Amino acid sequence: MVKVLSERLCLERRIRTAVLALLLCAQAGFGFSVAGQQESTCEANGSIYYVGEWYFLDSDHCTQCECTAEGSACARTECTSLPAACIHVSHYPTDCCPRCEKIGCEYRGVVYELGQNFQPSECEQCTCDSDGIARCLVADCAPPPCVNPVYEPGKCCPECKEGPNCYVDSSRSQVIPAGEPVWVDTCTKCRCHDGQDAGYWEGNRLATCSRLKNCTPQQPSIQQN
């Protein structure tokens, strides 16, 4: 009877010792559970990660991984495109993607700072507004009162260097000055519109002409009455 009791106590001690050893192993992180089954872990960045944990790779901050029972499952983050009007870009070592620190206005391929006034052409005056949109005013030039206007560098609207004029007829082969009537041949007298006429130069670039009856033109000449 004493021998049986002694064997039972010895067996109980062995069982308690084995359980305690398993508990200590589990607490020490040796990857074993109380039931004796190995737990899955992932090793990266010099650290141990357990199933369900997420982490970024130290060697590539754009790659994020999840520790799964089958091992690490990783995916790389794709950076979105920066705004076209970004005028200051920063790329911090701990960031995956670059940051746009300052936005301006993009207009015809050129970037301007917020609040900046600029003149992309002789006829435009623009401002880069605080919302990143370039807003422009375009000069409204009146139609030039001549058929041969000249565009000067740095000026928006064309100028009539030879003064107001028009074509004699639709052939556009002859130009006469505006104002007084002009004899374009011995039988035909023409007159351009001038600034005193109603509807002055509204697209009418041809002269108003009158022809003498029963007249045969002789040598062409241009003279004023």
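The values are calculated or read from the model by the stated rules, or taken from the named source; none is laboratory data. These figures come from a predicted structure and were not determined experimentally. Positions of Cβ are generated from backbone atoms using ideal geometry, with glycine treated the same way; all protein chains shown enter the neighbour counts. Protein only, heavy atoms only, side chains kept; ligands, DNA and RNA dropped before computing areas. Shrake-Rupley method; radii C 1.70, N 1.55, O 1.52, S 1.80 Å.
Quick notes
- Accessible surface of R172 - all protein chains present, 1.4 Å probe, nearest 10 Å²: 150 Å²
- Relative contact order of the range 66-126: 21 percent, from C-alpha pairs under 8 Å at least 6 residues apart in sequence.
- The convex hull of the Cα atoms of the range 75-120, projected and averaged over all directions, covers 3.9 nm².
- Charge context of C97, other residues only, Cβ under 14 angstrom, K/R +1, D/E -1: -2
- Carbon/sulfur fraction of accessible area - the range 30-176, other protein chains in place, 1.4 Å, %: 50 percent
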